[in-house]
Amino acid sequence: MATRREQKAATRQRLLSHAEQLVVRHGFTGTRTLDVARAAGVAHGSVFLHFPSREDLMLTVAAEMGRKMTDRLHALAAGGTGLREALAAHLRCVEEHEDLYHRLLVDGPSLPPEFRTAWLGMQSAVATHVLAAAEVDIGAGTIRSMAPHLLFNTWLRLLHHYLVNRDVFAPGGSVLASHGQELLDHYLTLLTKEIR
Amino acid sequence: MTPDDGCISCGMPMRTAQEHAAGDPDKPYCVHCGSESGELKSYDEVLGGFAGFLRRTQGLHEDAARQTAADILATRPAWSAR
């Protein structure tokens, strides 16, 4: 029989799970706590026993996605291979959360500053893996040497352009499933040193 | 705390002993936040290191990097009571 503590943790998890589904449909600004409570089958007031405010719930949804994504990337990139493998692992992690990631990317500018902090923290973890892998390839002389922030931001910007506009690049589907490999190949072509 | 919570200081996931301070899996903070002898670095050292990392890897302005690092550290168990 579940203890009270376990029941509380399960309810919190259920609220988060339903909140995430609603955010995918309605966005971070358009999701209401009343709808989260209804979807989770709890009284509206119960939401606030677990999250002090709607903003706190929304921030937890974003932070949980970041935690899951970076933890997964950490596991996938643990082999310490080259940049291609690190970027492929990054693509895979984003694709696994593509709908929610897209929402955070699009809604980000209109959200409170705490969301940007969480966003930058998440990208910081991604940068750790991408740049460590790039260093290996730069050391081996296979890709060009460049400022780490430009190498990382160029990749991110390319990815984000396709994600933000995914309705025209991949209507109704995953833009990373349909375009991810092409973006990865293109980016690496730009970075690869010509052998003379 | 669960293993999923990562470093209590900066949040970095830690899966191997080498990722813990001084290679000691019992240390709840990571190799970046711990000294060579395995002690947790001071807040200022961790803040400076994290801000420098944000500048180097994402190109943030010095002030923004320091503020972002401080905001992230404030959410971590090691520094949330500051």
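The values are calculated or read from the model by the stated rules, or taken from the named source; none is laboratory data. Nothing here was measured: the structure is a model prediction, and the numbers come from that model. When we count neighbours, we look across all protein chains shown, and the Cβ atoms used for this are built from the backbone with ideal geometry, even at glycine. For the accessible areas, the whole protein counts, side chains as well, though only heavy atoms, and no ligand, DNA or RNA atoms are used. Shrake-Rupley method; radii C 1.70, N 1.55, O 1.52, S 1.80 Å.
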> What residues qualify as long-range amide H neighbours of A:Ile143, i.e. H under 5 Å apart, gap of 5 or more or another chain, H built at 1.01 Å from N?
Replying inline: A:Ile138, A:Lys193
> Whose amide H sits under 5 Å from the amide H of B:Cys30, counting only residues 5 or more places off or on another chain, with H placed in the peptide plane?
Replying inline: B:Ile8, B:Ser9, B:Cys10, B:Ala21
> Picking from A:Ala43, A:Ala62, A:Ala147, which is most flexible by a Gaussian network model of chain A using Cα springs under 10 Å?
Replying inline: A:Ala147
> Considering the Cα trace of segment A:54-191, what is its radius of gyration and what is Dmax, both in angstroms?
Replying inline: 15.0, 50
>> For the pair A:Gln181/B:Ser37, report the inter-label distance in nm, with labels modelled 7 Å from Cα in the Cβ direction.
In response: 5.4 nm
> So for the protein assembly as shown, Kirkwood radius off the Cα pairs, Stokes-Einstein at 10 °C and 1.306 mPa s: how many µm² s⁻¹?
Replying inline: 79 µm²/s
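Per residue, how much accessible area does chain B show when a 1.4 Å probe rolls over the protein heavy atoms, in square angstrom?
Normalised by residue count, the accessible surface of chain B is 56 Å².
With a 1.4 Å probe and every protein chain left in place, work out the accessible area per residue of segment A:1-51 in Å², rounded to a whole number. List each step's numbers first, then the result.
Values: 3240 Å² over 51 residues.
Spelled out: the 1.4 Å probe surface of segment A:1-51, per residue, equals 64 Å².
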> Counting only protein heavy atoms, what percent of the accessible surface of segment A:54-191 is carbon or sulfur at a 1.4 Å probe?
Replying inline: 54 percent
> Can you give me the Cα centroid spacing of segment A:111-180 and segment B:24-75 in angstrom?
Replying inline: 22 Å
> If one takes the accessible area of chain A alone plus chain B alone and subtracts that of the pair, with a 1.4 Å probe, what total in Å², rounded to the nearest 100, results?
Replying inline: 1400 Å²
> Which residue, A:Leu111, A:Leu156, A:Leu49, has the most motion in a Gaussian network model of chain A that connects Cα atoms within less than 10 Å?
Replying inline: A:Leu49
>> Charges on Cβ only, +1 for Lys and Arg, -1 for Asp and Glu, centred on the Cα centroid of the protein assembly as shown; of B:Leu47, A:Thr60, A:Val136, which one is farthest towards the dipole's positive end?
In response: A:Thr60
>> Given a 1.4 Å probe, show me the residues in segment B:19-67 buried by at least 40 Å² of accessible surface when comparing the whole protein assembly to the chain alone.
In response: B:Phe53, B:Arg56, B:Thr57, B:Gln58
> With labels modelled as points extended 7 Å from the Cα through the Cβ direction, what inter-label distance (nm, one decimal) is found for A:Arg157 paired with B:Asp24?
Replying inline: 4.5 nm
